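The values are calculated or read from the model by the stated rules, or taken from the named source; none is laboratory data. Since we're looking at a predicted model, the values are computed, not measured. So basically every Cβ, Gly included, is an ideal-geometry build from the backbone, and we count neighbours across all protein chains shown. Remember, those area values only see protein heavy atoms, side chains included, never the ligands or the DNA or RNA. Shrake-Rupley method; radii C 1.70, N 1.55, O 1.52, S 1.80 Å.
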Amino acid sequence: MSSMSFDIAHLLAGSILVLSFVLLYQDRVSAVLNVFALQAVALSLSVAWQAAIQNAPHLLVTAGIALVMKGIVIPAALHRIVRRLGIHREVEEVLGAGPTMLTGLGLVALSILLVLPAGQNVSILVREDLAFALAVILLGLLMMITRRNAVTQIVGFMSLENGLVLAATGAKGMPLVVEISVAFSVLIVLIVFGVFVFRIRERFDTVDVGALDQFRGEQGERL
Amino acid sequence: MPVFVGIWCVAGLLAIAALGIAAGRSSNGRTLVYGGCLLLSLAGLGGALWHLVSGQPAVVQVLPVGLAGLGAHLRFDGLSAYFSIVINLGGGAASLYALGYGRHEEAPLRVLPFFPAYLAGMNLAVLADDAFTFLVAWESMSLASWALVMANHRAPDTPRAGYIYLVMASFGTLVLLLAFGILAGTEGNYSFAAMRASQPDAMSGALVLLLILIGAGSKAGLVPLHVWLPLAHPAAPSHVSALMSGVMTKVAVYGFVRVVFDLVGEPVWWTSLVVMGLAGITAVVGILYALMQSDLKRVLAYSTVENLGIVFVGLGLALAFRANGMGLPAALALTAALVHVLNHSIFKSLLFFGAGAVLVATGERNVERLGGLIHQMPRTASVMLIGCAAISALPPLNGFVSEWMTFQAILLGSQLPQWGLRFMIPAVGALLALSAALAAACFVRAYGVTFLGRPRTAAAENAHETDNWSQGAMLTLAALCVVAGVLPGPVVDLLAPVVQSLVGASLPAQTFLPWASLVPVAESRSSYNGLVILLFLAISGTLAALFIHRLATRATRRSDIWDCGYPDPSVATQYTGSSFAMPIRRVFGATAFIVRESVDMPRPGDTRPARFRIKVIDPAWRLIYGPTARAALKVALALNRFQFLTIRRYLTLVFGTLVILLLVVAAWR
């Protein structure tokens, strides 16, 4: 494999990771959605590049799905939701940016430590891809737990799923049927989340999930 | 053929269980259920006997039920056949007894469906040839017996007994599961055939042995896992108590023998130290506690603990000999243990039946409120006497044979090369001798206080003999006690192929030795002859009776009876159970149990009676179970907080766990 194609794969995968950090740092809702769309575009480029260098045309379909679904449809839908909820200008209170970024750095270090030494017989590209993917997944999880807003939590989840796709394509591609079903399940998750966000909003006049906690039945019985 | 008898027995018993649900309310449902159980038990007994006597090879059968890709493997070999005999003999006797005893059942629907299911579970457990089937049978046996323990759920102690039984049974099964997990290895092959083929290395073999010892020991009542047994066994109806004590503990022994002698392969010698040490302590502690009890059925339950200790001493000895490649001594020890399994199941069932008869006749289980029953219940009293003599290991009854053989094996222990074993085995022998002596004291006490003397209450005075079915069951078992004691040769020979397949050697044929002697090792060493002892007892007894009748004076004298220094003729001045046990309680009180004696003496002028209270506490509760329960409660309360977290905190928990696991993986390399 030429070093050029390696570098480009590296660059694209790395850019997904960098965008994950941007997601983690960004605290304005509409900006988060834009960054997410950008991450999806980077993902589809990365997958397309993998299709080219692995000579696996079916990965192009994966790239297409990622581009259309996550790059266009889902961000557009989320933008709509946010506008209808009137929170597109909302500034979210994030757990202090400094500690979050430091934790994220730690997670990236952890995933590199974990994946790079594993499987010496696998090519360095695959291992780096996997390391990036694991880091993106962990950062997505971290985003889910540091946010209070339901919409940004959804974005965290979607970016986690980006990491999964990255991992799967790096490891010699994944079967198309799996990719399609994952894409659809993500879409369904979006719908469910969307419905829930509106219901939450209707009921509690906020999408801050913290507000839900005081309505839980068991609390009266707390020991 | 016999494997099909076994399968059809299990299927038939399950069908009868369903019938028990349907017909439990009708008046002849009891006859139908117990009669069916009796017939099927006899069929199972016949099939198993035929298998052993005709020396059939092992039969294997795979049924297409159970886990996908595994199925239910069943196998009927000598060991299964022998334990099948024990189970179906006990099951048949209990069914016969229950044909009469079941009449007194308050809620038959709580017993009738579970009794056949319980028998089916035990029958299936000895047939199973893969871990899954075995554990399913084991658990269904536990659950059915739990339901039977809870049959009388309104009695004040029963719910606690049931709860503790359930906890201990789940714990035991969990440990068994771990043991089978190790045996199955990384390929996860759960059939016994595969486990037999793959010999585990010494360390994991020892680990499996210890796990099985805990798992089967919790069912068999090894100290300190015995705490549930004296609570649960007496709480069940008497015929079920007989099955639990006499038979279910033997299924536990079967599990141990099957895994340790058949599946694991060559043992490590030091594991036998653990088995023997635990077994010796179990024997002594079990019988000491039996001596302290005043509840007749609880005396019997604790004595079960003791007898299982004796069985496990034999098994431990067999392990020690086998680890050193000593075939004949190993065969002797294993034969002794297996013969004791059969013997104990016979006399313990008999004693529980007798206790049930007393319970029905008087409504009392407390020996302090009984007495003088030999006049009201002469037949029950005489069969109980045989049972008590047998369990006290008096010749020429069967209990003596197996304990004598165990001692013969202990005497061979000096030939072992390891010093640890050479020191341990005489110590275990001393414990065993002590427990045998204490057992005699225990049953003199239980029998004397219950059946001799004068009735202590009106209930005991107005007792009446039990029904014919129950008498028939007890009489059969008492006859078996005598036969197996006088002619032990056939039983030993029946076991020869079983022992041969497990330790690679067997005792020489015994049946056709002159005068029905039992010569386990060599004529010059020792031999036992039940027939001669029986003849001696019969002749000397007859002669003594003749002499007394001939030579004693026939003149009638009237005078005061000896009153033991108590001129008060009240029945309360008789020796009681607790006064009989007092010397032993004083001797062992400080070491073996925690005894609280308190005297409540009224002040001068106060007219209330003085009271003397004794509380005997099992140290296992104080030292092991109390702290464990408190720690579990503490942890549960601490974990309870996790039920009321916010969604984000739950996510954080998941995330934290993931990161920690990843860190562990990263650090591990």
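Select from the stretch B:598-626 the residues that are of a type in the set (Gly, Ala, Ser) and within 26 Å of the chain's Cα centre (by Cα) and write down the one among them that is farthest from the other protein chains (Cβ to nearest Cβ).
From the stretch B:598-626, those of a type in the set (Gly, Ala, Ser) are B:598, B:605, B:610, B:620, B:626; that's our starting set.
Those left that are additionally within 26 Å of the chain's Cα centre (by Cα): B:620, B:626.
Details: B:ALA620: 31, B:GLY626: 23 Å.
If we take residues in the stretch B:598-626 being of a type in the set (Gly, Ala, Ser) and within 26 Å of the chain's Cα centre (by Cα), then B:ALA620 is farthest from the other protein chains (Cβ to nearest Cβ).
Can you tell me which residue in the stretch B:297-326 is farthest from B:ALA355 (Cα to Cα), limited to those that are open to solvent by 10 Å² or more (accessible area, probe 1.4 Å) and in a helix (DSSP H, G or I)? First the steps, then the outcome.
At the first step, the residues of the stretch B:297-326 found to be open to solvent by 10 Å² or more (accessible area, probe 1.4 Å) are B:298, B:302, B:322-326.
Filter again for in a helix (DSSP H, G or I), leaving B:298, B:302, B:322-323.
On the way: B:ARG298: 10, B:TYR302: 14, B:ARG322: 40, B:ALA323: 42 Å.
Ranking the qualifying residues of the stretch B:297-326, first place goes to B:ALA323.
Can you go through B:VAL251, B:VAL260 and tell me which one is open to solvent by less than 30 Å² (accessible area, probe 1.4 Å), closer than 20 Å to B:PHE352 by Cβ and in a helix (DSSP H, G or I)?
Answer to the check: B:VAL251.
If you take the residues of the stretch A:15-35 that are open to solvent by 40 Å² or more (accessible area, probe 1.4 Å) and at pLDDT below 90, which of them is farthest from A:ALA76 (Cα to Cα)?
From the stretch A:15-35, those open to solvent by 40 Å² or more (accessible area, probe 1.4 Å) are A:18, A:22, A:25-28, A:34; that's our starting set.
Subset that is at pLDDT below 90: A:25-28.
Numbers: A:TYR25: 21, A:GLN26: 18, A:ASP27: 19, A:ARG28: 16 Å.
Ranking the qualifying residues of the stretch A:15-35, first place goes to A:TYR25.
Kindly indicate which of B:ARG25, B:ARG30 is open to solvent by 70 Å² or more (accessible area, probe 1.4 Å) and either under 21 Å from B:TRP469 (Cβ atoms) or not aromatic (Phe, Trp, Tyr) (or both).
Values: B:ARG30 fails: open to solvent by 70 Å² or more (accessible area, probe 1.4 Å).
B:ARG25 is the lone residue from the list that is open to solvent by 70 Å² or more (accessible area, probe 1.4 Å) and either under 21 Å from B:TRP469 (Cβ atoms) or not aromatic (Phe, Trp, Tyr) (or both).
Out of B:GLY91, B:GLY71, B:GLY6, report the one residue that is at pLDDT 90 or above and open to solvent by less than 50 Å² (accessible area, probe 1.4 Å).
Values: B:GLY71 fails: at pLDDT 90 or above; B:GLY6 fails: at pLDDT 90 or above.
Exactly one of B:GLY91, B:GLY71, B:GLY6 is at pLDDT 90 or above and open to solvent by less than 50 Å² (accessible area, probe 1.4 Å), namely B:GLY91.
Can you tell me which of B:ALA337, B:ALA301 is out of contact with any Lys or Arg (no Cβ under 8 Å at 6 or more places or on another chain) and under 16 Å from B:PHE400 (Cβ atoms)? Full working, then the answer.
Values: B:ALA301 fails: under 16 Å from B:PHE400 (Cβ atoms).
The match here is B:ALA337.
Being within 14 Å of chain A (Cβ to nearest Cβ), assigned to a helix (DSSP H, G or I), open to solvent by less than 60 Å² (accessible area, probe 1.4 Å) and over 30 Å from B:VAL305 (Cβ atoms) narrows it down to one of B:LEU637, B:LEU662, B:LEU658, B:LEU653, so name that one. Spell out how you get there, then give the answer.
Working: B:LEU637 fails: open to solvent by less than 60 Å² (accessible area, probe 1.4 Å); B:LEU658 fails: open to solvent by less than 60 Å² (accessible area, probe 1.4 Å); B:LEU653 fails: open to solvent by less than 60 Å² (accessible area, probe 1.4 Å).
Testing whether each residue is within 14 Å of chain A (Cβ to nearest Cβ), assigned to a helix (DSSP H, G or I), open to solvent by less than 60 Å² (accessible area, probe 1.4 Å) and over 30 Å from B:VAL305 (Cβ atoms) leaves just B:LEU662.
Looking at B:ALA592, B:ALA629, which is the one that is surrounded by 11 or more Cβ atoms within 10 Å (Cβ to Cβ), away from chain A (no Cβ under 14 Å) and part of a loop (DSSP other than H, G, I, E, B)?
When all the criteria are applied, what remains is B:ALA592.
If A:ASP7 passes every condition in (1) in a helix (DSSP H, G or I); (2) open to solvent by less than 40 Å² (accessible area, probe 1.4 Å) but one, which one does it miss?
Result: A:ASP7 fails condition (2) only.
Does B:PRO604 satisfy the condition of being at pLDDT 85 or above and either open to solvent by 90 Å² or more (accessible area, probe 1.4 Å) or touching a strand residue (DSSP E or B) at 6+ places or on another chain (Cβ under 6 Å) (or both)?
Values: at pLDDT 85 or above: yes; either open to solvent by 90 Å² or more (accessible area, probe 1.4 Å) or touching a strand residue (DSSP E or B) at 6+ places or on another chain (Cβ under 6 Å) (or both): yes.
For B:PRO604, the condition - at pLDDT 85 or above and either open to solvent by 90 Å² or more (accessible area, probe 1.4 Å) or touching a strand residue (DSSP E or B) at 6+ places or on another chain (Cβ under 6 Å) (or both) - is met.
Here's a check for you: in the stretch A:97-144, which residue that is of a type in the set (S, T, N, Q) and without any contact (Cβ under 8 Å) to a residue 60 or more places away in the chain is farthest from the other protein chains (Cβ to nearest Cβ)?
Applying the first criterion (of a type in the set (S, T, N, Q)) to the stretch A:97-144 yields A:100, A:103, A:111, A:120-121, A:123.
Add one more test, that the residue is without any contact (Cβ under 8 Å) to a residue 60 or more places away in the chain, and what stays is A:103, A:111, A:120-121.
On the way: A:THR103: 9, A:SER111: 8, A:GLN120: 12, A:ASN121: 16 Å.
Checked the stretch A:97-144; the qualifying residue farthest from the other protein chains (Cβ to nearest Cβ) is A:ASN121.
When you scan the stretch A:128-161, how many residues do you find that are buried (at least 20 other Cβ atoms within 10 Å of the Cβ), in contact with a strand residue (DSSP E or B) (Cβ under 9 Å, 6 or more places away or on another chain) and either outside any helix (DSSP H, G or I) or basic (Lys, Arg) (or both)?
Within the stretch A:128-161, residues that are buried (at least 20 other Cβ atoms within 10 Å of the Cβ), in contact with a strand residue (DSSP E or B) (Cβ under 9 Å, 6 or more places away or on another chain) and either outside any helix (DSSP H, G or I) or basic (Lys, Arg) (or both) number 1.
Going by the structure shown, is B:ALA290 at pLDDT 95 or above, closer than 30 Å to B:VAL111 by Cβ and out of contact with any strand residue (DSSP E or B) (no Cβ under 6 Å at 6 or more places or on another chain)?
Details: at pLDDT 95 or above: no; closer than 30 Å to B:VAL111 by Cβ: yes; out of contact with any strand residue (DSSP E or B) (no Cβ under 6 Å at 6 or more places or on another chain): yes.
For B:ALA290, the condition - at pLDDT 95 or above, closer than 30 Å to B:VAL111 by Cβ and out of contact with any strand residue (DSSP E or B) (no Cβ under 6 Å at 6 or more places or on another chain) - is not met.
Condition first: of a type in the set (Ser, Thr, Tyr) and open to solvent by less than 60 Å² (accessible area, probe 1.4 Å). Now tell me which residues in the stretch B:409-463 satisfy that. Outline the logic, then answer.
Start the filter on the stretch B:409-463 by keeping residues that are of a type in the set (Ser, Thr, Tyr), which leaves B:414, B:435, B:447, B:450, B:457.
Correct list: B:SER435, B:TYR447, B:THR450, B:THR457.
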